[in-house]
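The values are calculated or read from the model by the stated rules, or taken from the named source; none is laboratory data. Please read these numbers as outputs of a predicted model, since none were measured by experiment. Please note: Cβ atoms are built from the backbone with ideal geometry, for glycine as well, and neighbour counts cover all protein chains shown.
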Amino acid sequence: MSLLEQIHTSSDIKKLSRNELPLLAAQIRNKMIDVVSKNGGHLASSLGAVELTIAIHYVFDLPGDTLIWDVGHQSYAHKILTGRNHKFDTLRQYKGISGFAKMKESPYDGFTVGHSSTSISAGLGICYAKGLNRDDSDVISVIGDGSLTAGLAYEGLNQAGDLKRKLIVILNDNDMSISPNVGALSSYLSRTFSAKYLQNMRNRFGVFLKSLPRIGEDMYHIAKRSEESFKAFVTPGMLFEAFNFDYFGPIDGHNLDHLIDILTNIKNPDSPVLLHVTTVKGKGYPPAEKNPVYFHGVGSFAIDTGKSNKKSEPVPSYTQVFGSHMVKFAKTNKKIVAVTAAMPEGTGLIEFSKQYEDRFIDVGIAEQHAVTFSAGLASKGAKPVVAIYSTFLQRAYDQILHDVCIDAHPVVFAIDRGGIVGEDGPTHHGLFDFSYLRSMPNMTIMSPMDENELARMLLTAINHDGPIALRYPRGKGAGVKIQENVKPLEIGHAQVVREGADLLIIAIGQSVFEAVTAAKQLAQKKIFATVINARFVKPLDSALFLEKARRIKKIITVEEHVLAGGFGSAILEMYADNGITNLEFKRIGIDNKFVEHGPQKLLKRDYGIDAAAIIAAGLDLTESDLTGFGPDDIKKNA
């Protein structure tokens with residue numbers, strides 16, 4: 001039996017000798033590589049955190065002590081070691097375990113995560129609550145160096161230092177190189193400074209100095225500055241010391257003996273502690289070490305080569321279409337500036353960054369800053385295009401409303417991954433953007449039916465003199481030909497795709513194709529539907545929708561978005577405001593719930609936003625018989 005098969009709970013790790021731990025680390029890595037090669041996932045970060053994870057479980061008493069992962073990209077080894085090894089092969093699969101830490105999944109997951117830079121704030125809140133409950137157990141927040149580019153992390157550090165709670169923050173530095181070279185001296189000093197007897201001695205000496213009459217306070221501050229100066233000479237910890245954290249590091253995050261020693265020393269501290277460890281992304285798997293960006297979030301691949309198993313697609317993704325047309329439009333429009341928040345690859349802006357280096361800005365994981373920065377650009381004549389995933393743009397709600405919309409700055413929001421995104425689950429689906437954006441004065445919102453319309457909408461947005469949002473889905477396009485000479489759209493004008501007298505189906509975005517498929521199938525039952533590609537959520541093509549509703553009283557709206565405050569709500573409000581109330585109306589969208597992880601098509605079916613759901617709604621409105629309609633019929637008529 002392998003060592004890994006002997007681990008069922010965190011306490012089982014403590015039964016192993018230190019000499020056995022490197023073998024356990026190797027077995028964990030093999031397990032992760034095997035599963036992710038089939039399922040896809042966030043591999044490089046998790047490979048880099050294996051020894052750190054083992055050391056935390058070896059030293060601390062989980063789940064009594066609370067461990068919080070920032071984002072959760074690093075948490076695969078943690079899942080394997082906490083009773084989920086037997087089902088790790090279901091990682092990110094439908095009804096399987098989540099790719100992120102999730103409280104509902106395991107008591108060992110101290111906080112549900114998925115977005116960056118939350119671990120310190122959440123950890124401090126948990127630490128404070130434990131204090132109120134007279135609970136003396138530890139709280140450990142693990143945060144990556146990339147997450148420290150977000151202001152939320154510093155807000156947490158600031159309050160933690162002020163409250164002086166016994167929070168332990170572990171900075172896993174694997175990319176930004178914010179530290180000097182890790183050497184024997186800094187590692188030795190960190191382990192020495194962290195020793196309990198030395199910490200107690202230092203505290204007692206500080207009390208002694210302060211007690212000296214007249215000169216005590218001055219002597220204490222001189223001694224404190226001397227210690228800080230010496231540590232600053234060999235470590236980069238002054239920033240964290242300024243937040244009233246005791247800083248230790250940097251230390252090699254792959255040396256299990258050193259990790260266990262220092263974690264044992266800092267366990268159950270009297271005040272906030274920050275341990276700085278340096279790790280290698282993709283550690284133990286050469287292709288991931290060589291290309292950690294690609295293996296950060298990867299699809300299935302061949303283990304021996306690291307090459308993707310995915311066949312090249314003749315149809316480009318929406319992201320690729322966006323990226324290529326940004327390059328195209330920037331050639332003639334010198335005002336275009338691309339802004340992204342640590343996602344140049346994910347948003348398709350790599351080629352733009354190469355060709356227009358001075359007009360490309362990656363602000364790091366700082367969506368709020370990205371938006372206000374772009375408002376500043378726009379205020380002086382630039383045309384910023386802010387490319388951010390829908391789920392992450394939520395973090396900048398106030399900046400969009402206050403800094404962009406009040407003065408109607410012409411900022412373009414290129415909102416990638418709108419709708420259901422798949423295996424990353426509820427923290428990553430982009431299902432709320434219509435609702436919060438359409439309530440903002442001066443904002444225009446549109447969503448393309450296909451990749452040609454995406455190109456046209458991007459040009460429309462660039463030409464627009466005001467805030468405008470372009471929302472498009474994850475995945476490949478519809479395979480339509482893109483115009484060579486792209487022409488902008490007229491803002492607020494919809495498109496009639498199909499005519500029929502019995503039903504009116506108004507859809508937005510990719511849902512137009514589901515609506516057309518449903519209309520074809522309904523026609524087999526002699527139910528004929530008009531299908532409209534709305535194109536715009538705001539402003540709506542009220543003239544067209546009102547004209548159709550005067551003749552067709554049975555209406556269905558379709559959106560890949562939550563129903564509350566979404567596109568269907570906008571259509572209902574428009575009819576009510578115009579006094580048209582004698583309608584039979586059904587809205588197709590996501591109910592008031594979070595969508596779990598799984599394949600996009602399967603989730604659309606299960607949450608009732610596909611062609612089958614539209615057919616059912618159409619039959620219900622027309623009081624027709626459902627008999628004879630099945631999945632095969634729907635596919636055949638797509």
Selection over the stretch 569-592 where residues are of a type outside the set (A, V, I, L, M) and either touching a residue at least 60 places away in the same chain (Cβ under 8 Å) or crowded, with 16+ Cβ neighbours inside 10 Å (or both) yields a count of 6
If you go through VAL315, VAL371, the only one that is closer than 25 Å to ARG471 by Cα, surrounded by fewer than 20 Cβ atoms within 10 Å (Cβ to Cβ) and touching a strand residue (DSSP E or B) at 6+ places or on another chain (Cβ under 9 Å) is VAL315
Residue hits (the stretch 234-270; assigned to a loop (DSSP other than H, G, I, E, B) and small (Gly, Ala, Ser)) are GLY237, GLY253
Those helices (runs of 4 or more DSSP H) completely within the stretch 1-111 that have 2 or more residues that are surrounded by fewer than 24 Cβ atoms within 10 Å (Cβ to Cβ) are 10-13, 21-39, 50-59
Considering the stretch 444-454, residues that are in a loop (DSSP other than H, G, I, E, B) and more than 24 Å from the chain's Cα centre (by Cα), and then whichever is farthest from GLU573 (Cα to Cα), we arrive at ASP450
All conditions in (1) free of Cβ contacts under 8 Å to residues at least 40 places away in the same chain; (2) in a helix (DSSP H, G or I); (3) buried (at least 16 other Cβ atoms within 10 Å of the Cβ) are true of PRO344 except (2)
Over the stretch 569-597, the set of residues aliphatic (A, V, I, L, M) and touching a His at 6+ places or on another chain (Cβ under 7 Å) is ILE590, VAL595
Among residues of the stretch 351-365 being touching a helix residue (DSSP H, G or I) at 6+ places or on another chain (Cβ under 7 Å) and of a type outside the set (D, E, K, R), the residue farthest from LEU393 (Cα to Cα) is GLN355
Pairing a residue in the stretch 351-364 that is of a type in the set (Ser, Thr, Tyr) with any residue that is part of a helix (DSSP H, G or I) and at pLDDT 95 or above, where Cβ atoms lie under 7 Å and the two sit 6 or more apart in sequence or on different chains, gives TYR356/ALA330
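Quick grid of which residues meet (1) more than 22 Å from HIS276 (Cα to Cα); (2) outside the structural domain of ASN174 (by TED's automatic domain parsing); (3) not charged (D, E, K, R):
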position: SER11; (1), (2), (3): yes, no, yes
position: LEU21; (1), (2), (3): no, no, yes
position: ALA25; (1), (2), (3): no, no, yes
position: ILE33; (1), (2), (3): yes, no, yes
position: ASP61; (1), (2), (3): no, no, no
position: ASP70; (1), (2), (3): no, no, no
position: HIS73; (1), (2), (3): no, no, yes
Residues of the stretch 567-608 being polar (S, T, N, Q) and under 24 Å from the mean Cα position of the chain (by Cα), in sequence order, are ASN592, GLN600
**Item:** Any chance PHE413 is at pLDDT 95 or above, assigned to a strand (DSSP E or B) and not charged (D, E, K, R)
**Value:** yes
Inside the stretch 44-80, the number of residues satisfying the requirement of being under 19 Å from ASN291 (Cβ atoms), aliphatic (A, V, I, L, M) and modelled with pLDDT of 95 or more is 3
Considering only the stretch 271-281, I want to know if a residue exists there that is polar (S, T, N, Q), within 28 Å of the chain's Cα centre (by Cα) and assigned to a loop (DSSP other than H, G, I, E, B). yes
The number of residues in the stretch 246-262 that are over 28 Å from GLY306 (Cβ atoms) and surrounded by fewer than 23 Cβ atoms within 10 Å (Cβ to Cβ) is 5
Quiz prompt | Residue within the stretch 144-165 that is assigned to a loop (DSSP other than H, G, I, E, B), closer than 14 Å to VAL277 by Cα and at pLDDT below 95 present | solution = yes
For strands (runs of 3 or more DSSP E) lying entirely in the stretch 460-527, having 1 or more residues that are within 25 Å of VAL385 (Cα to Cα) and either touching a residue at least 60 places away in the same chain (Cβ under 8 Å) or of a type in the set (A, V, I, L, M, F, W, C) (or both) picks out 468-471
Only unsatisfied item for ASN442, checking (1) touching a residue at least 60 places away in the same chain (Cβ under 8 Å); (2) assigned by TED's automatic domain parsing to the domain that holds VAL411, is (1)
